[in-house]
Amino acid sequence: MTEYSDFVRQYLTVAIFAGVGVGLGAGLLGIGKIFRPTRPQEQKYLTYESGVDPVGSGWSQSQIRYYVYALLFVMFDVEAVFMFPWATQLEVYGTFGLVEMLVFVAILALGLLYAWRKKVLQWV
Amino acid sequence: MLVNQFLFLGAILFCIGVYGVLARRNAVLVLMSIELILNSVNINLVAFGAMWHATDPANLSGQVFALFVIAIAAAEVGVGLAIVLLIYRNRQSIDVNDVDLMKG
Amino acid sequence: MTAVSDPNQLADLLAEATDTRVNLDFESEGMTLNMGPQHPATHGTLRIVAKLDGEQVISAEPICGYMHRGYEKIVEVRTYPQINALINRIDWLGSFANEVPFILAAEKLMGVEAPPRAQWIRTILFEMSRVANISLFLGDFGLQLGGMTAGFYAFRDREHVLNQIESATGGRFHPNFDRIGGLKDDLPKGWISDSHVAMDKLLAFCDEMEDLLVGNEIFQSRTRGIGIIPADIALSYGLSGANLRASGVDWDLRRDGCPPGLVYDQADWKVWTHPDGDCFARTWVRLQETREAAKIVKQLLDTIPAGPVMAKVPRIIKVPEGEAYVATENPLGEMGYYVVSKGDLVPFRVKIRSASFNNISIVPWVARGAYVPDLISILGSLYFILGDIDR
Amino acid sequence: MTPMLASFAPPYWLSTLIKVLVVGAVVPTTALILGVVFLFKIMSWMQSRLGPQEAGPRGLLQLLADGVKFIQKEDIAPAGADLWVFKAAPLVVLASTLLLYVALPASAHLVVDDLDVGVFYVLAISSLSVIGVLMAGWASANKYSLMGALRAAGQLIAYELPMVLAVMGVVIQAGTMSLNGIVFAQNGGAIFGWTGIGNPYILTQFIGFFIFIAAVQAELTQPPFDMPVAESEIVSGYQVEYTGFRFLIFFLAEFATAFVFAGIAAVMFLGGWAVPWLSANSDWYYVLGPAVLFAKVMLVAFIIFWVRFTYPRLREDQLQSFAWKFLIPLALVNIVATAILKVVF
Amino acid sequence: MLALLVAQNIAFYIIAALMVFGALRVVTCKNLMHAALWLVLVLAGVAAQYILLAAEFVAITQVLVYLGAIIVLFLFGIMLTRAKTGTDDNLDNSKGARIGAGVIGLLLAGVMGYSLWDGFGKREFGDLLVQRTAQVSDSIFSTYLLPFEVISVLLLAALIGAIVLARRD
Amino acid sequence: MGLVESGRVPKPLSKLLNLSRKYSIWAYQWGLACCAIEMGAAFASPRYDVMRLGVIPFPASPRQADLVVIAGTVTDKLAPAVVRLYEQMPDPKYVISMGSCANCGGPYWDSYSVTKGVDQLIPVDVYVPGCPPRPEALLEGVLLLQERIAHEDMAERWKGDPIVVS
Amino acid sequence: MRTWLSVGRVIRLSSADTTDATASGASAEEVITDEAREAVLAELTARLGDAVLGSHIRPGDDLWVRVDRSAWRDAAEAAKAMGFTFFDYVSGIDWLPSPFGRDMDAQEDLVVSGAEPKEPAPIVQGYAGGETRFQVIAHVYNIATATGIHFKADVPDGDLTLPTWTGVFAGANWHERETREMFGISFDGHPNLINMYLPTDFQGFPLRKDFPLLARRVRPWPGIVDVEPMPGVADAEEGDAE
């Protein structure tokens, strides 16, 4: 039971730090708010675009390739998730664990190979 | 803590997710709602896992199942968004009501 | 891919939309990226409007005129010596080199020739401004591609040349040293040996740049095969200087069309060309050119003849009636002055043919289909000076 | 003195308060140190300049002056911006940076949380800053921002993966994910039975170290991977519209992240807070640990910044290919090789 | 002991309230980007609940995969389909459909609430044990070895499918 | 309303604030004409190295800048952009007009397309004369500007006369 | 060293072959005619026929050819076919003497020189003659023979248009835009004839002689110090400079 409470406390600290991170930034911004001037000018709030009126709307249909990269990332991220527990316990599993993971990695590596061969890893 | 706390939370999230799937017409939002559903399921799984683990320390089925669900969710979102993008590219719209590819 | 497929039509639409005052939103698909007039990539106030599909450029249109100072009109109301002071500021990096073709054109109309010593010094200073100009290019191009240290080294070593120019002419930047019929002054004492030292430093700088930048793998991958300009296209756009030679055209006005008054035939040097026509070729040719320029300077320093630096010319310069076109191989490329005189104190009409104007006019052609980061490589390697485009 | 320190067990709230205060002081300090030392001093030295000289002795307070100045700068949000998202984005980045410090051990006990899943936690948290970046880029309603954010996100996720895979070798060797556990494993390790210097994993995992440093470089969006903030094309990417203090938060977060990543690299590959000749259980590390770690961090940071000031930048597709076609396969091969060696020996 | 229990419950309810609020915003808000950011809140809350349930590894996995990767996918999806900066009224179905969905949701909630209460009542967790990563690993590599390998095939299939879909040709 | 602007800051604090502004002048990279190269030499050349004085030429956008050096000819076509970029800078902000063209039109005083002095468009703090001024002149201008900032009263910020480097 | 008369010769100076670098100026001076350019002119005349309205050769230096404006584009094509592939520039000339007094200089200057604002002088065209106030001039180059041709064409006041060269020399695009902006001469078939330098709402064509520089009208040139009083006297006072 004590183990559990220690465990939760560890993560309570993490949560506190997340709060502190936001609070620190917000607090400093608050201090800044006391000091900083506000001097509205006609063009101050226009979007910066090298000094001219924004041309066209601000939106881009950026290419799909970013999406493919993100997708590949997700898949391999999941792979890595399964790899970490395996890595800590490899000594216990020995050859058996090694073979299991090799199969796992090989199957996903096929995916990378596929993407490579289909040329989605390079620009059009 | 009660087991039901978590189960109820899961149930509420599940219902919100169902509402989202039915009420939204933007495909990306529909996918987000599905994520809500999957997460509510995961909460249930982990809660049950914790419950059984407390009695049988060797039993981690709940967590492992949650891991598998996360993996499957990743695959689901990947393919789902790819389909959405494909639809967007072809029709400049991601309104699920407009998508009637299957109808002749 | 795009609604508009005809490049000309697209360019028109684009130009319409990018007018300074009226910005039409003609966007059908994709995004219009605007760079400039305030943009680090445009060395000043050029504006590039690129229509993008993702990161790929469908078309890019340079908008110039932000630095248009009306040179061709102003010179019609200035006397020849006044013009000489003014035109330094066209290509502000190769300042002395701007003066020479104009002075030569005036000399041609007047039938005057500078004494040999003046011709030697002219050539030396001409090449020095080339070194000063292109050494900055090497650093700046590195800066454009993210290698910030190169820029600092360029500014550091360029000072050696500027010092020499300053001690000879009194002007670090805009010497206003050339005169019709010769030069303003003779060289100061000890200048020749100092110049040798400076040129050695610049040669060392070239080696350093080759190590730091041109030889760098990332640099090469950013420039090789990017922005290829074939020779015939280059000719029909009137590209000149290193941009033309990088496309494999063996053409250098210093060698092939050298006007009298410059003594390039007195030195042993080589015109470098590169067959590739890509950004790397342009950089490489420029690097070699800097070395050659330093070599020319060193050779000419050893052979300067003695004698006066000024021919006999009237104190009030009135150029006889006539028309003349003189072009020289300036650091940026061919710079020429078409001078029409009516026998007055002032020229009747001067057409300034500046190198960057032609060099940049190829951007819409060469940028089509490039990626946004390549646009930077292309712009950087074409190497322009705003004043030289807009005048 | 040291035994007393070891027996000092304050209640949770007090220890947490101390931790918060210490980390709250350490984060800006490390960011300032890295900024001044590398951005101003080392960079100037490499570029044969002097760098800032006026603010404070030899200009050492330059960044402090910058900080105070930025506080009094006007805060501008462009008219088209999504206000809340725009304002929250720097905080997300700052919080994710701060969370990284939680796991960084300065000695066996001088650590905020010695998590059982330390490495895993670090990797998970480091992927959070992507959200902040995408928020910033999207909310600015600026084309440069958007392009920069997309590039940054594409790059951060592309290099997150080599980073994850690079540390796998270390985890296999150490058999634990706890960062302190990794330090102990290195300190008490042996190279073919020789225990003279322990077993700093840089010797066996030099491929992992290389991949990790390259990935860190990319995560920090520094040259040669600084396409997302490339000045010469998209001005400064997702930071374009940020003024005053919000910009400073990005700026500080960048250096703080550099510090903590260098720290993680030092812990995982260079033996962390321990020195080889002194057992990791020694009480001396209460004092020595932070100093040793700091020295190692500066060493790693020097490598990172040296590359930064020397190389031109890679193009977006080139850096993606570099990640996917070189680093990731290499990391996979490294994992397999490490695993085989681990099982065989 | 009691204090811990109270603290646990307080933490649970705070997080749960945030999550429910976030989830409601996800399904109702008029701005795609905001919906995604609310989803971030919900997912982070889920990770926090895992921590409360002493499931460390899944919690961090939740952060790594959901917050670090899937959310990025969503954000890319939103940006690639060119969402508007401001609010967008075209995200929801007609009012009738929404009411119907709400009714279905409430009905489901009723049914599930009843059955859950019926099934588990006031059952306590008992003493929670921290579920360490090594145990998770042991479980995967013993009982669930086959599903684990199947996951890789599934990921491969998803990858290939998505690449085929996303390719531009 | 910020304290700094209202001038109700206690003396030691306002001194600190002034000092920080004095030693941290971020200048954004915008060269216009010939002077841009001399500005570049002052900014980037190891020989002049304006960073010594605390002028940091990092930002590429006006949003993070404190100082803009208008280095070169301002044409009528460019004038709207100059004004906009100036206005897009956050307060407090400073302007150095470098070179004859920016000061008064310089050698292009009679041209049909050149604005006769950037002070017609935006308020100028320091004028640096020369065509182009040497980098040292710009450094002198920066020093004078720093001098002024050190004794600046933010409430009175807009009332001083411009400085001319001579 | 070379004098002007030898310019037309190609002297390859690459370090490999510097043998013929010493073209003697003496022999060149004896040449009064320039056979190479005569030949170019002859071929152009053959290709364009009557369209060649006038020509001027400065031996060893340059060639001017005035063509009819209907043949403007044909001239470009002919030149390109003859190997003149390097495009240099296109521009215009306004031959109208400045209506703002002599050289549009300051009033003080006029007082010093004693000249009253005079009647507008007659329009006198330059080399290769001409009939109209506006002429368009273009330069193309043959890099194989290192010779250039200056083409000129008359543009009558009533109809300031000319066929475009953009189809022949792509680089003409910007030059024609510039010419249109500066002189108001438009080019038929140009794809994109918009302002190059000046804001859209700019009034007038700056390089026309009757476009006043208002700053000068308002305030005289402050820098005149060394202009001698009488042009006639000045001839007698010619001296060494420096």
Can you work out which of the residues in region D:329-342 that are facing chain A (nearest Cβ under 7 Å) and farther than 11 Å from D:GLY208 by Cα is modelled with the lowest pLDDT? D:LYS342
Candidates D:ALA291, D:ALA266 - the one that is assigned to a helix (DSSP H, G or I), in contact with a Lys or Arg (Cβ under 8 Å, 6 or more places away or on another chain) and either of a type outside the set (A, V, I, L, M, F, W, C) or without any contact (Cβ under 8 Å) to a residue 40 or more places away in the chain (or both): D:ALA266
How many residues does region E:22-36 contain that are in a helix (DSSP H, G or I), over 13 Å from the mean Cα position of the chain (by Cα) and more than 7 Å from every other protein chain (Cβ to nearest Cβ)? 3
Given the options D:TRP277, D:TRP273, D:TRP324, name the one that is hydrophobic (A, V, I, L, M, F, W, C), outside any helix (DSSP H, G or I) and in contact with a Leu (Cβ under 6 Å, 6 or more places away or on another chain). D:TRP273
Go through region D:116-154 and report how many residues are within 22 Å of D:THR16 (Cα to Cα), facing another protein chain (nearest Cβ under 8 Å) and touching a Ser or Thr at 6+ places or on another chain (Cβ under 7 Å). 3
Which of the residues that make up region E:51-67 are in a helix (DSSP H, G or I) and more than 12 Å from chain D (Cβ to nearest Cβ)? E:LEU52
Taking only pairs six or more apart or across chains, which ones have beta-carbon atoms under 7 Å, a first residue in region D:30-42 that is touching a residue at least 40 places away in the same chain (Cβ under 8 Å) and away from chain F (no Cβ under 13 Å), and a second residue that is of a type in the set (Gly, Ala, Ser) and part of a helix (DSSP H, G or I)? D:THR30/D:ALA256; D:ALA31/D:ALA256; D:LEU34/D:ALA258; D:LEU34/D:ALA301; D:PHE38/D:ALA301
Here's a check for you: in region D:320-345, which residue that is in contact with a Gly (Cβ under 9 Å, 6 or more places away or on another chain) and surrounded by 16 or more Cβ atoms within 10 Å (Cβ to Cβ) is nearest to D:GLN47 (Cα to Cα)? D:GLN320
Conditions (1) touching a residue at least 60 places away in the same chain (Cβ under 8 Å); (2) among the acidic types (Asp, Glu); (3) in a helix (DSSP H, G or I); number of the one not met by C:GLU292: (1)
How about region F:54-73: which of its residues are away from chain A (no Cβ under 12 Å) and in contact (Cβ under 8 Å) with a residue 40 or more places away in the chain? F:GLY54, F:VAL55, F:ASP66, F:LEU67, F:VAL69, F:ILE70, F:ALA71, F:GLY72, F:THR73
Need pairs with beta-carbon distance below 6 Å; first residue within 11 Å of chain F (Cβ to nearest Cβ) and within region C:76-99, second aromatic (Phe, Trp, Tyr); sequence gap 6+ or separate chains. C:ILE87/C:PHE102; C:SER95/C:PHE173
Going through region C:239-269 one residue at a time, which ones are among the acidic types (Asp, Glu), within 7 Å of another protein chain (Cβ to nearest Cβ) and not in a helix (DSSP H, G or I)? C:ASP268
Provide a single number: the residues in region G:157-169 that are in contact (Cβ under 8 Å) with a residue 60 or more places away in the chain and outside any strand (DSSP E or B). 5
Go through region D:43-73 and give me each residue that's touching a residue at least 60 places away in the same chain (Cβ under 8 Å) and more than 7 Å from chain F (Cβ to nearest Cβ). D:MET43, D:MET46, D:GLY67, D:PHE70, D:ILE71
Which ones in region C:358-374 are among the hydrophobic types (A, V, I, L, M, F, W, C) and in a helix (DSSP H, G or I)? C:ILE360, C:VAL363, C:TRP365, C:VAL366, C:ALA367, C:VAL372
Could you list, in sequence order, all residues of region C:328-362 that are facing chain G (nearest Cβ under 8 Å), in contact with a Gly (Cβ under 9 Å, 6 or more places away or on another chain) and of a type in the set (A, V, I, L, M)? C:VAL340, C:ILE362
For region C:103-113, indicate whether the set of residues that are buried (at least 24 other Cβ atoms within 10 Å of the Cβ), closer than 18 Å to C:ALA168 by Cβ and at pLDDT 85 or above is non-empty. yes
Within region B:15-29, the count of residues that are part of a helix (DSSP H, G or I) and facing another protein chain (nearest Cβ under 7 Å) comes to 9
Could you grab me the full set of residues in region C:203-238 that are in contact with a helix residue (DSSP H, G or I) (Cβ under 6 Å, 6 or more places away or on another chain), within 14 Å of chain G (Cβ to nearest Cβ) and assigned to a helix (DSSP H, G or I)? C:ALA234
Applying the selection to region G:124-155, what residues are within 15 Å of G:ARG69 (Cα to Cα) and modelled with pLDDT under 85? G:ALA128, G:GLY129, G:GLY130, G:GLU131, G:THR132, G:ARG133
Which one of D:GLY208, D:GLY244 is surrounded by fewer than 24 Cβ atoms within 10 Å (Cβ to Cβ) and of a type in the set (Gly, Ala, Ser)? D:GLY244
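Table: residues versus (1) crowded, with 24+ Cβ neighbours inside 10 Å; (2) in contact (Cβ under 8 Å) with a residue 12 or more places away in the chain; (3) among the β-branched types (Val, Ile, Thr); (4) touching a strand residue (DSSP E or B) at 6+ places or on another chain (Cβ under 7 Å).
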| position | (1), (2), (3), (4) |
| --- | --- |
| C:SER236 | no, no, no, yes |
| C:ASP256 | no, no, no, no |
| C:ASP268 | no, yes, no, no |
| C:PRO275 | no, yes, no, no |
| C:VAL309 | no, yes, yes, yes |
| C:LYS312 | no, yes, no, no |
| C:VAL326 | yes, yes, yes, yes |
Looking at region A:1-46 only, could you name the residues that are surrounded by 15 or more Cβ atoms within 10 Å (Cβ to Cβ) and of a type in the set (Val, Ile, Thr)? A:VAL8, A:THR13, A:VAL14, A:ILE16, A:VAL20, A:VAL22
Which one of G:GLU108, G:GLU38 is at pLDDT 80 or above and surrounded by fewer than 21 Cβ atoms within 10 Å (Cβ to Cβ)? G:GLU38
Condition check for D:TYR159: crowded, with 24+ Cβ neighbours inside 10 Å, of a type in the set (Ser, Thr, Tyr) and within 21 Å of the chain's Cα centre (by Cα): yes
Of all residues being among the aromatic types (Phe, Trp, Tyr) and under 27 Å from F:PRO62 (Cβ atoms) in region D:51-107, which is surrounded by the most Cβ atoms within 10 Å (Cβ to Cβ)? Just the residue, please. D:PHE70
For region E:128-150, does any single residue satisfy the condition of being in a helix (DSSP H, G or I), of a type in the set (A, V, I, L, M), within 23 Å of the chain's Cα centre (by Cα) and within 14 Å of chain D (Cβ to nearest Cβ)? yes
If we scan region C:36-52, do we find a residue that is in a loop (DSSP other than H, G, I, E, B) and among the small types (Gly, Ala, Ser)? yes
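The values are calculated or read from the model by the stated rules, or taken from the named source; none is laboratory data. Only a predicted model underlies this, so the values are computations on that prediction, with no experimental measurement involved. For neighbour counting, all protein chains shown are included, and Cβ atoms are generated from backbone atoms with ideal geometry for every residue, glycine included.
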